[in-house]
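Before any comments, here is the structure.
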Amino acid sequence: RMATQYLIPHLDEFYQKYPKVRVLIHSSDDFSNLIEERLDCVVRVGNVNEGNLIARPIVQVDLYTVASESYLHHYDHAIDAMQNDHVQNHFMIAYQLKNSDSGLSHLFFKDRQIELPYQLLVEDTESYLQAGLQGLGIFQIPAFDAIPFIQNRKLIRLFEKEACLKLDINFLFL
């Protein structure tokens, strides 16, 4: 989703400045090894803990907590309860980085986390988004992904009074 939301929309401008440069976009949720895969650079979301790479911040984005209307219709008290942290009867969609041991089973906010059970664990952002749109649980996505779905009423933002966690997006290279 980073490629479609951030990179591809700016390629025309890039090519106007650098018409002879060829770009290969390899879009994946797993961590690419620049040396092994002979890549010039990568764009990563989240904290960067790789001392051998140079990191340049691109932007910070808010992480929105959302659910589909169909998911919320399964709960009589859903929207009011979500504002008051009564989430014990709810499920989230968990996300796990490929080749990682732990799936995220918390909602992350600026100043706190809320643990929720999950029924579904996915390893890629497209499956994560589609599962959320299908009403399979509460989930968190960057604002740039959430806003169009919120505007089209396919998703409803939850915990709006809670300060969002800000995700770093970085450009990394050797």
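The values are calculated or read from the model by the stated rules, or taken from the named source; none is laboratory data. As the structure is a prediction and not an experimental result, all values here were calculated from the model. Every residue, glycine as well, gets a Cβ built from its backbone with ideal geometry; the counts of neighbours run over all protein chains shown. Protein only, heavy atoms only, side chains kept; ligands, DNA and RNA dropped before computing areas. Shrake-Rupley method; radii C 1.70, N 1.55, O 1.52, S 1.80 Å.
Annotations
- For the residues Thr65, Thr125, a 1.4 Å probe over the protein chains yields an accessible-area ranking, largest first, of Thr125, Thr65.
- Once all protein chains are placed together, Lys166 keeps about 110 Å² accessible to a 1.4 angstrom probe.
- Computed with a 1.4 Å probe on the full set of protein chains, the accessible area for Phe171 sits at about 80 Å².
- Lys, Arg +1 and Asp, Glu -1 on Cβ, resulting dipole of the chain about Cα centre, debye, nearest 20: 540
- Cα shape, the range 130-174, gyration tensor, a/c 1.5 rule: prolate
- Selection from His73, Ile169, His10 lying farthest towards where the dipole of the chain points positive, charges on Cβ: His10
- Solvent-accessible area per residue, Å², over the range 3-57 with all protein chains present [probe radius 1.4 Å]: 84
- For Lys166 and Glu37, the difference between the fully extended length at 0.36 nm per residue and the C-alpha to C-alpha distance is 43.5 nm.
- Ratio of Rg to Rh for the chain: 1.01 [Cα atoms; Kirkwood radius as inverse mean 1/r over pairs].
- With DNA, RNA and ligands ignored, accessible area of Glu123 (1.4 Å probe; Å², nearest 10): 80
- Carbon and sulfur %, accessible surface of the chain computed with the full protein complex present, 1.4 Å: 49
- Options Asn89, Ile35, Val21, ranked by Cα towards positive dipole end of the chain, top entry (Cβ charges): Val21
- On full extension, the segment bounded by Asn49 and His73 gains 4.6 nm, given 0.36 nm per residue less the C-alpha separation.
- Cα gyration tensor shape of the range 9-52, rounded if a/c is under 1.5, else prolate or oblate by comparing a/b with b/c: prolate
- Chymotrypsin sites (Phe, Trp or Tyr not before Pro) restricted to the range 1-73 and DSSP loop, no more than 13 other C-beta within 10 Å: Phe31
- Only DSSP H runs of four or more residues enter the estimate; each adds -39500 (n - 2.57), and after division by the residues of the chain the mean residue ellipticity at 222 nm equals -5500 deg cm²/dmol.
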